[in-house]
Each structure stands twice: as C-alpha cells, then as structure tokens.
Amino acid sequence: MSERVVIVGGTSGIGLATAVRLAASGREVVVTGRTSERLERAVKEIGERGSGVVADARDPEAMRDLFAEVGPVDHVVLNVSGRKGAGPFRSLSPDDLRGALEGKLIAQVVAAQAALAALRRDGSLTFVAAASANNALAGVAGLAAVNGAIESMVPGLAVELAPVRVNAVSPGVVDTEWWDWLGDDRQGVLDGFAAATTVGRIGTPADVANAIAYLIETGYATGTVLTVDGGVRLKPSVQS
C-alpha cells in the first residue's frame, strides 16, 4: 500500500514541486489551495496519484474538515505562506507584520494541529520556513521573525509529539511566483541573490522538493531544520 501525503499549500512553487516529486515516487498526494482553478491545474500536473481539496489553512474548521474528509495520512507538508512582512524595518507596519504572521506561522500551526487527528502514529510533519530566519540581511526583519518562529518550534514539537517526526526545510531564495511583485525588477533582484550564493544560482522548487522528500523518507530524522540556501550563509552579507 502506498503512503498518503497531504501538502497544505500545494498548488504552485515549492508545494507543487513537492507534490510532483512525491507522486512520482508512488505516493498518493492530496494538495490544498484556496481557489478551485489553481487546484485543478495543480492536480492535472501531479497526475493520476494526485487529488485536491479547496481549503484555507487559516481557518481551523476548514482544516479539521479537510483531514476528516481525507482520512488517515502518513505525512503532512505545511507550505502555506503570505506575501507580507518584507521591507525596511522603519516602515514595517503592524498590519503587515500581523498579515505575515497570519499568512504563514498561524496558518501552518492551525493546519498542523488539525492534521494530528489523521496522522499515523509514526508519521511526519514537515514545515516550510525560510533561510531569512538566520541570515543578516537588510529589509527582512519581519520575514525573519515569522520564519524564525516556525524553526524554533521544531525541536520542542519533535519531543512533544513523538513518535510523530517533526522537521522543517529552510529554503533560501527560490524562483517562484512569490517574487512577481517586483515586476520589471524581478530578474535583476534574483540575479543579485544568485551572486551572493556559493553555487552561483538561486534555487528551484525542485531543489526544495528533494529536501522535503528526504525529511519524509528518512525515518531517523526528527527535530531537524534542513537549510537549502545555495550556501548564501557561507558568504559575507552585503548591506546597502
């Protein structure tokens, strides 16, 4: 019998790449998204082992209903995120910071809590944080606070929820639609980030999907935050 994986936030970018990766390895994959149109496109890309449910991770009732509908699951990936929280600290508004917390930290916590009722006893939870939590970069204090909070939960939850395994992946800059808000400046900004890595490029969703698959498949890994950032943490920060 193949394993069943739920990816909360699996209709694009890292979530979708992870769904494709896990389905290709023979697992049944259920992805969630907030719109039926995006969900349908994602399920088509995943293939015959994929299915989807429209659900908002910020809504506790919707998450409880999701896992009641899906039934027993082996692994859950928590990939939901928002678009707020970036920018200079001096102008970071309380509303933007609250939006960042609601859209990522709180949404991932809500989904993880709901998942526990359906998760097998020795299954796994994998959070998706971001390397901003540990990089000294200007303009990311809000993002660092949110992602740092997610990463700091992992060791304690691994102890509290054992034998469920709890891990996180912490990606660096990845080429996804998250950066589309930059408009015409997008490519230049991403090229700048690429130059700051030791591998000479930014990440792809598939890079992170492989890391998530590792955490799911390695039954001896728990309480781990796996950084996948192209080695940017190894080079001196450039401050403007």
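Once every DSSP H run of n ≥ 4 in the chain is given -39500 (n - 2.57) and the sum is divided by its residues, what mean residue ellipticity at 222 nm do you get, rounded to the nearest 500 deg cm²/dmol?
Mean residue ellipticity, 222 nm, calculated: -12000 deg cm²/dmol.
What are the lysines whose alpha-carbon lies under 21 Å from the alpha-carbon of Lys84, with same-chain residues fewer than 8 places away excluded?
Answer for Lys84, where 21 Å is the Cα cut-off: Lys104, listed by chain and number.
Working with all protein chains in place, sort Phe89, Phe193, Phe127 by solvent-accessible area computed with a 1.4 Å probe, largest first.
Ranked list, largest accessible area first: Phe89, Phe193, Phe127.
Can you tell me the dipole magnitude for the chain around its Cα centre, using point charges on the Cβ only (Lys, Arg +1; Asp, Glu -1), in Debye to the nearest 20?
360
Using modelled backbone amide H atoms (1.01 Å from N, in-plane), which distant-in-sequence or interchain residues come within less than 5 Å of Val31's amide H?
Long-range HN contacts for Val31: Ile7, Ser51, Gly52, Val53.
Got a sec to turn the phi values of region 138-146 into Karplus ³J(HN,Hα) couplings, 6.51 cos²θ - 1.76 cosθ + 1.60 with θ = phi - 60°, whole Hz, x for Gly and Pro?
5, x, 10, 4, x, 5, 4, 4, 5
So for Arg98, Arg38, Arg186, what's the accessible-area order with a 1.4 Å probe, most first?
Arg98, Arg38, Arg186
Identify, among Phe89, Ala115, Val29, the residue whose Cα sits farthest towards the positive end of the charge dipole of region 1-130, taking +1 on the Cβ of Lys and Arg and -1 on the Cβ of Asp and Glu, with the dipole about the Cα centre.
Working it through, the farthest residue towards the positive pole turns out to be Phe89.
Ordering Thr126, Thr227 by accessible area with a probe of 1.4 Å, largest first, what comes out?
My answer, sorted largest first, is Thr227, Thr126.
Under a GNM of the chain (C-alpha, springs under 10 Å), which listed residue has the highest mean-square fluctuation: Pro60, Pro171, Pro88?
Greatest mean-square fluctuation among the candidates belongs to Pro88.
Please report, as a whole percent, how much of the solvent-accessible surface of region 1-109 comes from carbon and sulfur atoms (probe radius 1.4 Å).
50
If we count every other residue with Cβ under 15 angstrom of Ala117's Cβ, Lys/Arg +1 and Asp/Glu -1, where does the sum land?
Value of the local net charge: 0.
When the Karplus curve 6.51 cos²θ - 1.76 cosθ + 1.60 is applied with θ = phi - 60°, which whole-Hz ³J(HN,Hα) does each residue of region 161-178 get, with x for Gly and Pro?
9, 3, x, 4, 8, 10, 9, 9, 10, 10, x, x, 6, 10, 6, 10, 5, 4
Taking each pair of distinct Cα atoms in region 39-131 once, what is the resulting Kirkwood hydrodynamic radius in Å?
Hydrodynamic radius (Kirkwood, Cα only) of region 39-131 equals 14.7 Å.
Rounded to the nearest 10 degrees, what's the angle between the helix 205-217 long axis and the longest principal axis of the chain, both from Cα atoms, 0 to 90?
Between the helix axis and the principal axis of the chain, the angle is about 50 degrees.
Which shape class, rounded, prolate or oblate, goes with region 104-240 when its Cα gyration tensor gives a ≥ b ≥ c as root eigenvalues, a/c under 1.5 marks rounded, and past that a/b bigger than b/c marks prolate?
Here region 104-240 falls in the prolate category.
Write down the accessible area per residue of the chain in Å², having rolled a 1.4 Å probe over the full set of protein chains.
49
Would you kindly derive the ³J(HN,Hα) couplings of region 77-82 from the backbone phi angles with the Karplus curve 6.51 cos²θ - 1.76 cosθ + 1.60 (θ = phi - 60°), listing them in order in whole Hz, with x for Gly and Pro?
10, 10, 10, 5, 7, x
The values are calculated or read from the model by the stated rules, or taken from the named source; none is laboratory data. Just so it is clear, the structure is predicted and the values come from calculations on it, not from any experiment. Reconstructed Cβ throughout: ideal geometry from the backbone, glycine too, with neighbour counts over all protein chains shown. Just so you know, the surface numbers come from the protein's heavy atoms only, side chains and all, with ligands and any DNA or RNA stripped out. Shrake-Rupley method; radii C 1.70, N 1.55, O 1.52, S 1.80 Å.
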